[in-house]
Amino acid sequence: GAVVSQHPSWVICKSGTSVKIECRSLDFQATTMFWYRQFPKQSLMLMATSNEGSKATYEQGVEKDKFLINHASLTLSTLTVTSAHPEDSSFYICSASRAAASSYNEQFFGPGTRLTVL
Amino acid sequence: AQSVTQLGSHVSVSEGALVLLRCNYSSSVPPYLFWYVQYPNQGLQLLLKYTSAATLVKGINGFEAEFKKSETSFHLTKPSAHMSDAAEYFCAVSHTGTASKLTFGTGTRLQVTL
């Protein structure tokens, strides 16, 4: 149990276009989902935390208008990179947690999406 | 604020040798501590976690870690390395009683040689 999927696994897009990445919890209801980005040979940096049905909480320095996060259901969260530029190229990883983000619960990670912006 | 320091961005061991990956944390409140493994182009898999129960934590694939409050450490060990252990390892910290927000270390790449 506790499987998280991401789609697509990789995407290449032109500069200026928008890209949507989906994160799904396949066998559990995810009250909270997290979005991370990872640059080559670097660690994961938390971008935002989202609870189902409410607005995402963004980390300092992350542009909320550029990285749109929607968590409309207990099994799906989406990250839309708007007007993508080459510097947005990265590995984006989501994770999902069963509990509300007010108490500890294990995060289950998706396999990641590699975004390349030309 | 919480933080994690992983000493050594790259560790190389021979197959069959002891694996030791170091992690030190900084936290003003009792922490939860985690070790994750990441294979190339994949997400993270939880190896083990410390959540204020036993200080010696056993995880998957023969790994274990010991929480030492006096040293603010949570080093990961495995008695005998296997070729399949070659991967990137991340230590992470989360605060008790707060959102399950994880702060990751910079990672240690483990190389296993014949």
With every protein chain kept in place and a 1.4 Å probe, chain B has an accessible area per residue in Å² of 46 Å²
Order of exposure, largest accessible area first, which applies to B:Leu33, A:Leu46, B:Leu7 with probe 1.4 Å: B:Leu7, A:Leu46, B:Leu33
Just in the stretch A:43-118: which trypsin sites (Lys or Arg not before Pro) are loop by DSSP and have at most 16 other Cβ atoms within 10 Å? A:Lys55, A:Lys64, A:Lys66
For the stretch A:28-88, with only Lys/Arg (+1) and Asp/Glu (-1) charged at the beta-carbon, what is the dipole magnitude about the Cα centre, in debye rounded to 20? 80 debye
Output needed: Cys residues of the protein assembly as shown lacking any neighbouring Cys C-beta below 4.7 Å, sorted by number. A:Cys13
Quick check: pseudo-label points 7 Å beyond the Cα along Cα→Cβ at B:Ser80 and B:Asn41, how many nm apart are they? 3.3 nm
Suppose R0 equals 25 Å. What FRET efficiency, 1/(1 + (r/R0)^6) with r the Cβ-Cβ distance, do A:Phe39 and B:Asn61 give to the nearest 0.05? 0.40
Expressed in square angstrom to the nearest 10, the accessible area of B:Lys101 with a 1.4 Å probe stands at 80 Å²
Taking only protein heavy atoms and a 1.4 Å probe, the highest-to-lowest accessible-area order of A:His71, B:His82, B:His75, A:His85 is B:His82, A:His85, B:His75, A:His71
Over chain B, the quotient of the Cα radius of gyration and 2.2 N^0.38 Å is 1.01
For the stretch A:48-63, Karplus couplings with θ = phi - 60° (6.51, -1.76, 1.60), whole Hz, Gly/Pro x: 6, 10, 10, 9, 3, x, 10, 6, 6, 9, 9, 6, 4, x, 9, 6
For the protein assembly as shown, the Cα-Cα pair-distance distribution in 10 Å bins from 0, as whole percents, is 8, 32, 35, 20, 5, 0
Under a 10 Å cutoff between Cα atoms, tell me which one of A:Gln29, A:Gln60, A:Gln38 has the largest fluctuation in the Gaussian network model of chain A. A:Gln60
Which whole-number percent of Cα pairs in chain A have a distance greater than 18 Å? 45 percent
Provide the FRET efficiency to the nearest 0.05 for the A:Leu68-B:Glu15 pair, computing r from the beta carbons and using R0 = 45 Å. 0.45
With every protein chain kept in place and ligands, DNA and RNA left out, what is the accessible area per residue of chain A? Probe 1.4 Å, answer in Å². 48 Å²
Defining a contact as two alpha carbons under 8 Å apart and six or more residues distant in sequence, what relative contact order in percent does chain B show? 37 percent
Can you give the local net charge around B:Ser73? Use residues other than it whose beta-carbon is closer than 10 angstrom to its beta-carbon, Lys and Arg +1, Asp and Glu -1. +1
If contacts are Cα pairs under 8 angstrom and at least 6 residues apart, what is the relative contact order of chain A in percent? 37 percent
Could you check which residue among A:Phe108, A:Phe39, A:Phe67 shows the biggest mean-square fluctuation in a GNM of chain A with a 10 Å Cα cutoff? A:Phe39
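The values are calculated or read from the model by the stated rules, or taken from the named source; none is laboratory data. Just so it is clear, the structure is predicted and the values come from calculations on it, not from any experiment. FYI the Cβ positions are ideal-geometry reconstructions off the backbone, even for glycines, and counts take in every protein chain you see. For accessibility, only protein heavy atoms count, side chains too; no ligands or nucleic acids. Shrake-Rupley method; radii C 1.70, N 1.55, O 1.52, S 1.80 Å.
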